[in-house]
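Just below is one structure, and these are the notes that go with it.
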Amino acid sequence: MSETKNANQKAGLTADRKAGATSLPTMKHGEETPAMLLALLNSPLESMINSQQARIMGVVTLKNGHKATVVFFYDIVPTANSTLEPVGTLEAK
């Protein structure tokens, strides 16, 4: 095996910082914008609608004037900690 030359001992090391943009701060739970939460919901919802696991039924107006979307989820049940859990088989129909 050949020896490492002294000139190459630091080749590839990242001890010295390179100039460049700093990373964005990490988002913490609860700091999500409404638009971001909606985007996170739309991605799996579209897949669930395509596989007939969910269906958007319509929009209702609540007493306080807010609008709410009614979505039916098939073969899904809520859990005690406010999440959803599949039941039975979830095969596309």
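The values are calculated or read from the model by the stated rules, or taken from the named source; none is laboratory data. Just so you know, these numbers come straight off a predicted model, no measurement behind them. Note that we place each Cβ from the backbone using ideal geometry, even for glycine, and neighbour counts take in every protein chain shown.
Is it the case, given these coordinates, that residue 77 is in contact (Cβ under 8 Å) with a residue 24 or more places away in the chain, surrounded by 10 or more Cβ atoms within 10 Å (Cβ to Cβ), in a strand (DSSP E or B) and of a type outside the set (D, E, K, R)? Break it down into steps so the answer makes sense when it comes.
Numbers: in contact (Cβ under 8 Å) with a residue 24 or more places away in the chain: no; surrounded by 10 or more Cβ atoms within 10 Å (Cβ to Cβ): yes; in a strand (DSSP E or B): yes; of a type outside the set (D, E, K, R): yes.
Spelling it out, it is not the case that residue 77 is in contact (Cβ under 8 Å) with a residue 24 or more places away in the chain, surrounded by 10 or more Cβ atoms within 10 Å (Cβ to Cβ), in a strand (DSSP E or B) and of a type outside the set (D, E, K, R).
Inspect region 50-62 for any residue being among the small types (Gly, Ala, Ser), part of a loop (DSSP other than H, G, I, E, B) and at pLDDT below 90 and give the result as yes or no. Let's see the steps before the verdict.
Kept after step one, since they are among the small types (Gly, Ala, Ser), are these residues of region 50-62: 51, 54, 58.
Still in the list and also part of a loop (DSSP other than H, G, I, E, B): 51.
Next, only the ones that are at pLDDT below 90 stay: none.
Scanning region 50-62, I find no residue that is among the small types (Gly, Ala, Ser), part of a loop (DSSP other than H, G, I, E, B) and at pLDDT below 90, so the answer is no.
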*If you check residue 88 against the conditions, is it on the phi > 0 side of the Ramachandran plot and assigned to a strand (DSSP E or B)?*
no
